[in-house]
Amino acid sequence: MSTDADRGTNPLLDDAIVAYVGRGSHKIPTADEAAVLALDSEHGDELLRDVKRALAVSDQIVVDGPASSEVKRAATEAHRESLPELGDGAVEALVWRWGFIRFHG
């Protein structure tokens, strides 16, 4: 369970990113728009737009080197710098997706 210190400035966005990419519930990253829309029936479209904005930022992050814990740490730091509003869970989900796409996609 996340603590307040682990959360970003918009906990709903954090949850939406985790749900969208399937972190913790799938073996490989997903693109589950329905999971995001289910989190906020009134403003789901806006939430989905914000998730996709975060994904676009993530997709632009470049860290050189082979798959390693050092590259993962650098990618995590780059995500935190590029998306400071996100909490730990959302950053971890984006880095998980980023690494999968970079090294397996």
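Every number in this text was worked out from the coordinates using simple rules, so none of it is lab data. Everything quoted here is computed from the prediction, not taken from an experiment. For neighbour counting, all protein chains shown are included, and Cβ atoms are generated from backbone atoms with ideal geometry for every residue, glycine included.
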#### Entry: Label-zone membership for segment 44-70, site Glu85, 7 angstrom Cα→C-beta point, backbone N under 20 Å
44-61
### Query
Angle, helix 69-82 long axis vs. longest principal axis of the chain, Cα atoms, 0 to 90°, nearest 10?
40 degrees
### Query
Could you work out Rg/(2.2 N^0.38 Å) for segment 15-105, with Rg from alpha carbons only?
1.06
### Task
For segment 9-104, build the charge dipole from Cβ charges (+1 Lys, Arg; -1 Asp, Glu) around the Cα centre, then report which of Ala74, Val18, His104 sits farthest towards its positive end.
His104
### Message
Residue by residue through segment 36-45, what is 3J(HN,Hα) from phi via Karplus (6.51 cos²θ - 1.76 cosθ + 1.60, θ = phi - 60°)? Round to whole Hz and write x for glycine and proline.
### Response
5, 4, 5, 6, 8, 5, 7, 10, x, 5
